[in-house]
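Computed from the coordinates by the stated procedures, all read-outs in this text should not be read as laboratory data. Predicted, not measured: the structure shown is a model, and the values here were computed from it. Virtual Cβ from ideal backbone geometry, glycine too; neighbours counted across all protein chains shown.
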């Protein structure tokens, strides 16, 4: 039994889709969320910079006595999760990419898998690498979709322009014959409905956050670190003005986030 | 006569439109450009942080023996140009906001001026403040256009979807009756052609970089610091990986930028 919170972080607000998945599936667990809203986006930054920023965030989360970490940010997952595990031995650090890979391997029937993400996630080649390590005969097709994040953050998830952008990015990918598509960026689950309309029911959409939540549940159970039935608490921290996070939490969580605290993350 | 380079800096790659304006109008002048690509965007950071970052950049540019500085970044212009001038007495520090304001005042015939920019620039209210200080009877209308920067960086300046986004953002602004529109973000001049098509010839598009270039030309002439007719050189520095700057320089400058150097800007 361990009442300490789970730390979840992301380069910005997108990781709230992971918070939502954990809130729904581990309702007893308290959460400390950090969004690096002053330094977002990570997707266009180098591995060295992303590793440095992530280590600062984990040091901050350690001051909040977290029992485990979920890295919601695909860019951090793809670039430096192993480096971070080495930097913080003894602290369980889980991600979203490995769970997303497991889900896709279960989902595909024709061994053709698509991946979409930020430029950095796609350039890292992490998803294809992990998928093919498990099943070398897979055909993997990927595509960076840099406009999806700004469209979601503009509140345009349902906008007709967003549907056109989805068509532009994804119809060529669909023509490869994939039967499963990994939503390899935390913002993208907000576009599930529109992407589903464009691609149709024959392509399964994989949200890694779902499996990431089950993954942390298994981990806590196996190490006897689950929380008991007391009321879970959710705390939100950002590196920028809190107002934007409050607005985005409405879009992403559909949960009233009134208390958001600003942190001087560069001092960690 | 002074052969030393002009220093130009921005939070990222957008300031390349200012580089382009200076290259075209002051063809004898050498340029040192710094883009703070590891810490972009500035728009969401506090005044103290933006001032600190800018001072680090100016100290770096001083090591390259610059004779004057142009701050291409609208956020720095809006937040702390006076503080920076006070911190570096003797070094001419010019901006883009003040020149943009002068251009708009000359351009308007009906005293109705529009301003578009990032969320932070619009929220700062700096353009309306400076415009109304000069001419209190002005009607000023502004609009944040957060999707323009990612569309330009995606290389979609000419894309039909970009035209639709321009219509969505700017037709309501045009309906106010403005006859001049300030492109208050360094990326937006890349959209001049498409914006012009949407708004038609009755609305003049103001690119502050144009006047910023003339402004520095006048300054150098009046202080006898113009360069002579020798070949100008252009050097580019960034705080993150150079590859992205090279790609963006192709989009922004249409000039082959092969040498970009990474700088540890936090050490300045």
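The table that follows gives values for the structure above.
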| read-out | value |
| --- | --- |
| Distance (nanometres) between label positions extended 7 Å along Cα→Cβ at residue B:197 and residue B:139 | 2.9 |
| Label 7 Å beyond Cα on the Cβ vector: residue B:83 copy-to-copy distances, nm | 3.1 |
| Chain A: angle of helix A:47-62 to the longest principal axis, Cα-based, in degrees nearest 10 | 40 |
| Of B:57, B:115, B:203, the one that fluctuates the most in a GNM where chain B has Cα springs shorter than 10 Å | B:203 |
| Label point at residue A:52 placed 7 Å out along Cα→Cβ; residues across the stretch B:3-32 whose backbone nitrogen lies under 18 Å | B:10-13 |
| Peptide A:144-153, shielding by other chains (average Cβ, 10 Å cutoff) | 3 |
| Hydrodynamic radius by Kirkwood, which averages 1/r over all alpha carbon pairs of the stretch B:97-208, in angstrom | 13.8 |
| Column: log10 I(q)/I(0), Debye, Cα scatterers of the stretch B:1-99, q = 0.11, 0.19, 0.20 Å⁻¹ | -0.28, -0.87, -0.97 |
| Inter-copy spacing of residue A:109 label points, which lie 7 Å from Cα along Cα→Cβ, given in nm from shortest upward | 6.7 |
| Cα coordinate range in chain B, projected on the principal axes (Å, largest first) | 49, 39, 38 |
| Percentage relative contact order, chain A, counting C-alpha pairs under 8 Å, at least six apart | 28 |
| Other copies of residue B:123: label-to-label distances in nm, shortest first, labels 7 Å along the beta-carbon direction | 2.8 |
| Helix axis angle, B:74-87 relative to chain B longest principal axis, alpha carbon, degrees | 40 |
| Inter-label distance for residue A:176 and residue B:171, nm, one decimal - labels placed 7 Å from Cα along Cα-to-Cβ | 3.6 |
| Average other protein chain Cβ within 10 Å of Cβ, residues A:157-166 | 3 |
| Inter-centroid distance (Cα atoms) of the stretch A:139-206 relative to the stretch B:231-258, Å | 31 |
| Peptide B:238-248 - average C-beta neighbours from other chains (10 Å radius) | 2 |
| Euclidean distance between Cα centres, the stretch A:40-66 to the stretch B:1-68, Å | 27 |
| Cα-derived Rg to Rh of the protein assembly as shown, Kirkwood definition | 0.99 |
| For chain A, built as a Gaussian network whose Cα springs stay under 10 Å, the top-fluctuating residue of A:105, A:16, A:171 | A:171 |
| Listed residues A:176, A:192, A:223, most fluctuating in chain A (Gaussian network, C-alpha, under 10 Å) | A:223 |
| Innermost chain B residue relative to the axis carrying B onto A, by Cβ distance in angstrom | B:150, 2 |
